[in-house]
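Right, one structure below, let's go through it.
The values are calculated or read from the model by the stated rules, or taken from the named source; none is laboratory data. Everything numeric here is computed off the predicted structure, so don't read it as measured data. Using ideal geometry, Cβ is built from the backbone for each residue, glycine included, and neighbour counts are taken over all protein chains shown.
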Amino acid sequence: MPAESHPESQPPAPSPPRRGLLIILSSPSGAGKSTLARRLRDWDPEISFSVSATTRAPRPGERDGQDYHFISEEAFQAEVAAGAMLEHARVFGNFYGSPLAPVQAAIDSGRDVLFDIDWQGAQQIRNSKLGPHTLSIFLLPPSIGELHRRLVARGQDAPEVIARRMRKSWDEISHWDAYDYVLINDDLEETDRRLKQIVSASRLRRSQQPGLSEHVRRLQGEFEEISGR
């Protein structure tokens, strides 16, 4: 007599593919955002970086299409009017924005996209059609004095630019409570570890697993088949 077939003997169905996350990382200048973003992409090279469009002129060493998409103000405004920008804002007299098409394509294929934007951009993405797939994280410095020290230590900006960035920093910090997670970057290694934990857990959110409904329907069909024997 042939052996009776038991449900536990059947191979499990493959896990449904996940949908990509829009990972927003924000902070005032000098709080460690760039370093942590680089570490996150080194940890998972599949995470792509959203290349912003901007109307400002390229700085020495910057390449079009890699650092930014450098376009005219007229072209930028046309993109906004056409709904082709996921978010946009004017910062220090120049426009910055995130093109929608490459972001949509990435998350549809299961790849996460990392955004280095301020609270205004984060809010626009949160309110967009892609809002349910957004993970927003804000980085706080351990103190304002340490924030100033880091800006000076970078040696990249003139004193008047540092002063302007410091004035803007409190405006950024005041919106900390609009984010899903807030990390105090007083220890780079620990902050890096926590950031990766947050991303790993968020990838398992129900909203990121489009195949779950079909999987549950399949389980229901199997249950009804077994129960009806």
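Starting from region 210-227, take each residue that is surrounded by 11 or more Cβ atoms within 10 Å (Cβ to Cβ) and list its partners that are modelled with pLDDT of 90 or more and not aromatic (Phe, Trp, Tyr), counting only C-beta distances under 7 angstrom and pairs at least six apart or across chains.
Within 7 Å, the pairs are Pro210/Arg19; Leu212/Arg206.
Matching residues to (1) more than 19 Å from the chain's Cα centre (by Cα); (2) among the polar types (S, T, N, Q):
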| position | (1), (2) |
| --- | --- |
| Lys33 | no, no |
| Arg39 | no, no |
| Asp44 | no, no |
| Phe49 | no, no |
| Ser52 | no, yes |
| Arg63 | yes, no |
| Met85 | no, no |
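Output yes when any residue across region 145-154 is buried (at least 18 other Cβ atoms within 10 Å of the Cβ) and aliphatic (A, V, I, L, M), and no when none is.
yes
If a residue must be in contact with a strand residue (DSSP E or B) (Cβ under 7 Å, 6 or more places away or on another chain) and without any contact (Cβ under 8 Å) to a residue 40 or more places away in the chain, how many such residues does region 57-88 contain?
So the count comes out to 14.
Go through region 164-177 and count every residue that is under 22 Å from Gly131 (Cα atoms) and either exposed (fewer than 15 other Cβ atoms within 10 Å of the Cβ) or free of Cβ contacts under 8 Å to residues at least 40 places away in the same chain (or both).
3
Determine whether Gly93 is surrounded by 13 or more Cβ atoms within 10 Å (Cβ to Cβ), more than 27 Å from Lys129 (Cβ to Cβ) and either at pLDDT below 95 or of a type in the set (A, V, I, L, M) (or both).
no
Within the set of pairs 6+ apart or on separate chains, which have a first residue in region 107-134 that is at positive phi, a second that is not polar (S, T, N, Q), and C-beta atoms under 7 Å apart?
Gly110/Pro17; Gly110/Arg18; Gly110/Arg19; Gly110/Gly20
If only one of Val103, Val161 is buried (at least 19 other Cβ atoms within 10 Å of the Cβ) and not hydroxyl-bearing (Ser, Thr, Tyr), which one is it?
On inspection, the qualifying residue turns out to be Val103.
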